[in-house]
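Visitor: One structure is given below, represented as structure tokens, and several questions about it will come after.
The values are calculated or read from the model by the stated rules, or taken from the named source; none is laboratory data. For clarity, every value in this text was computed on a predicted model and none was experimentally measured. A quick note on method: Cβ atoms are made from the backbone with ideal geometry, for glycine too, and the neighbour counts reach across all protein chains shown. When the accessible area is computed, the model is the full protein with side chains, heavy atoms only, and any ligands, DNA or RNA have been set aside. Shrake-Rupley method; radii C 1.70, N 1.55, O 1.52, S 1.80 Å.
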Amino acid sequence: MAYTDHGGDRRRYRSPRSSNAHCRIVFLFLTFHSFINLVGASIHDYQNETFIRRANSFFFHGGSEGLYASKPISLNNSLSSQDNFPTGKSFIRFESINFRRTKESAQMASAMQQKTGLVEAIIIRVRDRNNIGGVSLNSDAICCTPELAKEGSCKLGEVIIRENTDEPNGPKRLQTFFEGQNEETNMVIQTVDINSTGMYYLYFMFCDPQLKDTVISGRTVWRNPDGYLPGKMTPLMTFYGLMSLAYLFLGLVWFLWFVRYWKDVIQLHYHITAVIGLGMCEMALWYFEYANFNSTGSRPMIITGWVVTFTAVKKTVSRLLLLVVSMGYGVVRPTLGGLTTKVLLLGVVYFVASEALELVEHLGNINDFSGKARLFLVLPVALLDACFILWIFSSLSKTLEKLQIRKSTGKLELYRKFTNSLAVTVLLSVIWIGYELYFNSSDPLGELWRRAWVIPAFWTLLSYALLILICILWVPSRNPTRYSYSEETGDDFDDEAVTVVGSGVKVSGEMATMLERKDRKASLTSLVDHHHVFGVIDDLEEDKRE
């Protein structure tokens with residue numbers, strides 16, 4: 001579609017290369033405006049939506065989804081419960097679509113004419129985008145102009161569509177006319193079968209300027225061969241089902257070890273158990289939410305709200321677990337002390353920001369472009385994630401330093417493994433973020449929709465792998481002293497001493513001097529009064545007082 005807004009029907013001519021480039025820009029403009037319609041699921045609802053002017057046309061974005069081709073229909077196929085279509089059928093169905101023009105526009109039409117206004121529904125695959133508009137005619141127009149109509153290239157008042165005889169599944173045009181001076185007209189209920197896999201866009205368009213301010217109401221139903229789940233979300237249902245089983249297996253193994261050594265568990269083990277339980281519930285809820293979406297074509301707000309809330313809680317608790325482990329909770333210090341309030345505050349803020357982002361991403365929006373709202377909500381979550389990472393590695397550095405001072409070899413080795421693993425995780429995250437940015441920038445029209453599910457799946461797998469690592473490092477055992485806090489080792493004394501004096505080496509020196517002085521005094525007393533028992537006792541009492 002090589003065209004631009006030139007405020008009228010004037011023709012412009014460009015080279016084929018320039019036309020193709022301009023076509024991509026215009027198609028991006030159309031898809032960019034898709035965030036205006038936040039639909040409720042594969043059943044796209046329109047409620048008095050307005051049309052947007054572009055070049056010499058007006059358009060409304062009716063939806064965009066990846067659709068798989070229909071499967072071969074056999075006699076044994078059962079009928080779908082909602083639309084009485086055989087299972088395995090892929091289609092876009094137009095139901096109760098109503099167009100309403102203004103009273104002024106209706107009065108400008110002739111009451112004697114049968115057709116006084118045309119609105120077209122156009123279904124197009126991304127790969128066929130050059131077949132819409134005047135690209136092949138070296139024109140920037142979208143709608144047919146009098147000059148092009150005189151040449152016989154198109155029909156006046158219609159959107160220019162280049163027919164491709166070799167591709168029967170090219171752009172599909174469905175026409176609806178206003179009659180006489182009627183203000184409303186209804187689109188015929190009909191179904192368009194999808195026989196070719198691709199990313200499909202639906203646009204409602206008209207060319208008559210007198211139809212300006214026309215609004216659309218109704219709904220369209222989009223269906224894939226195996227259900228109503230959009231194409232790029234279909235693999236995620238299977239993925240979440242497998243991840244539910246993975247979390248269930250991890251939970252069973254952890255539970256067996258927990259019960260076996262329940263007398264030796266520490267507080268940290270309960271936190272790990274909570275994260276495993278939340279992860280198990282999250283994956284199961286996502287699977288059932290997707291399964292319900294696939295069977296009904298809609299996403300109930302209550303169910304989806306619960307799912308995204310579980311996701312936000314699990315993400316928050318997981319990050320807090322990493323933070324308290326890095327601080328040495330249960331290993332170097334028995335409590336977080338004054339840091340508890342700060343940790344909880346960061347967790348609450350992160351939960352609120354994450355919950356808002358998840359709601360925007362999953363409630364009432366299945367188009368490929370989620371709009372400006374998501375951009376403003378991604379930034380706070382990204383900044384809070386950066387705060388978590390900085391605080392985690394800063395705490396790990398202090399914990400490793402304390403363990404080196406105390407010469408706690410076992411705990412030091414444990415935390416070194418944890419630090420190295422966390423560093424690898426952060427490195428993988430940075431690399432994947434780079435890939436995600438490249439993927440989104442190189443595929444602005446969603447042509448790679450069949451691979452898009454890998455992006456969110458990676459973060460789920462990475463979180464699961466990190467949880468397994470924590471479970472392995474802090475697994476319950478009969479010898480919890482290798483990673484748990486112990487007063488007998490002087491951890492508490494050292495921790496307080498480091499806080500007050502600021503140097504573990506200085507504390508150790510003072511302790512050594514005190515012991516040396518006691519030994520020297522005891523030896524001197526023994527040499528002078530070794531025959532007097534009461535003298536020795538007096539000296540011992542004096543030593544105690546010192």
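Visitor: Taking interchain pairs and intrachain pairs at least six residues apart, which have beta carbon atoms under 7 angstrom, with the first residue in segment 188-200 and aliphatic (A, V, I, L, M) and the second assigned to a strand (DSSP E or B) and open to solvent by 20 Å² or more (accessible area, probe 1.4 Å)?
Guide: Here the result reads 189/95; 192/172, each pair linking segment 188-200 to a residue that is assigned to a strand (DSSP E or B) and open to solvent by 20 Å² or more (accessible area, probe 1.4 Å).
Visitor: One residue is enough: does segment 436-453 have a residue meeting the conditions more than 22 Å from residue 243 (Cα to Cα), acidic (Asp, Glu), open to solvent by 50 Å² or more (accessible area, probe 1.4 Å) and not in a helix (DSSP H, G or I)?
Guide: The answer is yes, given that some residue of segment 436-453 is more than 22 Å from residue 243 (Cα to Cα), acidic (Asp, Glu), open to solvent by 50 Å² or more (accessible area, probe 1.4 Å) and not in a helix (DSSP H, G or I).
Visitor: Right, here's the next one. Identify all residues within segment 205-219 that are open to solvent by less than 20 Å² (accessible area, probe 1.4 Å) and either over 33 Å from the mean Cα position of the chain (by Cα) or without any contact (Cβ under 8 Å) to a residue 12 or more places away in the chain (or both); write none if there are none.
Guide: Scanning segment 205-219 gives 206, 207, 211, 214.
Visitor: Same structure, new question: For segment 143-190, enumerate the residues that are surrounded by fewer than 16 Cβ atoms within 10 Å (Cβ to Cβ), modelled with pLDDT of 90 or more and polar (S, T, N, Q).
Guide: 175, 182, 186, 190
Visitor: Additional query: Out of contact with any helix residue (DSSP H, G or I) (no Cβ under 9 Å at 6 or more places or on another chain), crowded, with 16+ Cβ neighbours inside 10 Å, modelled with pLDDT under 90 and small (Gly, Ala, Ser): which single residue out of 337, 297 fits that description?
Guide: 297
Visitor: Considering only segment 344-400, state which residues are aromatic (Phe, Trp, Tyr) and modelled with pLDDT of 80 or more.
Guide: 350, 351, 388, 391, 393, listed by residue number.
Visitor: Right, next: Does any residue in segment 282-300 that is in contact (Cβ under 8 Å) with a residue 24 or more places away in the chain and within 13 Å of residue 239 (Cα to Cα) come within less than 7 Å, Cβ to Cβ, of a residue that is of a type in the set (D, E, K, R) and open to solvent by less than 30 Å² (accessible area, probe 1.4 Å) six or more places away or on a different chain, and which pairs are these?
Guide: That search, which allows pairs on different chains as well, returns 282/314.
Visitor: Within segment 266-285, can one find any residue that is assigned to a helix (DSSP H, G or I) and under 30 Å from residue 92 (Cβ atoms)?
Guide: Yes, segment 266-285 contains at least one residue that is assigned to a helix (DSSP H, G or I) and under 30 Å from residue 92 (Cβ atoms).
Visitor: Taking residue 421 as the residue in question, decide whether it is closer than 22 Å to residue 254 by Cα, small (Gly, Ala, Ser) and surrounded by 14 or more Cβ atoms within 10 Å (Cβ to Cβ).
Guide: Answer is yes for this residue.
Visitor: If I filter segment 84-141 down to residues being open to solvent by 30 Å² or more (accessible area, probe 1.4 Å) and of a type in the set (Ser, Thr, Tyr), which single residue comes out as nearest to the chain's Cα centre (by Cα)?
Guide: 87
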